[in-house]
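The next block holds one structure in the form of structure tokens; read it before the comments.
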Amino acid sequence: MDKNVYLINLYDIYGSLLTEKQQNYFEEYYFENLSLKEISENYDVTRNAIFNVLKETEDKLNYYEEKLNIYEKNKKIKEILESKDKNLKKKIEEVIEKGW
């Protein structure tokens, strides 16, 4: 999976755990497709400051997923549902209770 798509999926799950500044920079960079320079001009900070906040945000999103595994659990549940397996209820309960 493309790294940007993965990060956007993590943001959809964990974005509310980020600071307002992290959310703003992330959304402008990943959703509005602005460059570091454009974002830095919007906030009157350096490109390096934007880069650092985006890197910190990426690290936080990955950390949250590493600890909580919500994205992976959702992905596994979708795979189970698509498989049309007869033991769906049991498999989904296992994913929810034990992780996967």
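The values are calculated or read from the model by the stated rules, or taken from the named source; none is laboratory data. For clarity, every value in this text was computed on a predicted model and none was experimentally measured. Note that each Cβ is placed from the backbone with ideal geometry, even for glycine, and that neighbours are counted across all protein chains shown. What goes into the accessible areas is simple: the full protein's heavy atoms, side chains included, and nothing from ligands, DNA or RNA. Shrake-Rupley method; radii C 1.70, N 1.55, O 1.52, S 1.80 Å.
With axes computed from alpha carbons, what is the tilt in degrees of helix 3-14 against the longest principal axis of the chain, rounded to the nearest 10 within 0 to 90? On a 0 to 90 degree scale, this one is about 80. Using only side-chain charges placed at the Cβ, +1 for Lys and Arg and -1 for Asp and Glu, the dipole size of the chain relative to its Cα centre rounds to 660 debye. Accessible surface calculations at 1.4 Å, restricted to protein heavy atoms, place region 1-74 at 63 Å² per residue.
With a simple spin-label model that places each label point 7 Å from the Cα along the Cα-to-Cβ direction, the separation between THR19 and ASN33 comes to 2.9 nm.
Taking a ≥ b ≥ c as the square roots of the eigenvalues of the Cα gyration tensor, the chain is classed as prolate, since a/c reaches at least 1.5 and a/b is larger than b/c. What FRET efficiency comes out for the pair ILE77/LYS55, r = Cβ-Cβ distance, R0 = 30 Å, nearest 0.05? Efficiency, from the Cβ-Cβ distance: 0.45. A protection proxy built from the mean count of other Cβ atoms within 10 Å ranks the segments 8-15, 66-73, most packed first, as 8-15, 66-73. Tell me the net charge near LEU36. Cut-off is 15 Å between Cβ atoms, LEU36 excluded, with +1 for each Lys or Arg and -1 for each Asp or Glu. Charge balance near LEU36 sits at -4. In the chain, the longest principal axis of the Cα atoms and the axis of helix 47-68 are about 20 degrees apart.
Comparing mean-square fluctuations of TYR63, TYR29, TYR43 from a GNM of the chain with C-alpha springs under 10 Å, the top value falls on TYR43.
Relative to the dominant Cα principal axis of the chain, helix 88-98 is inclined by about 50°.
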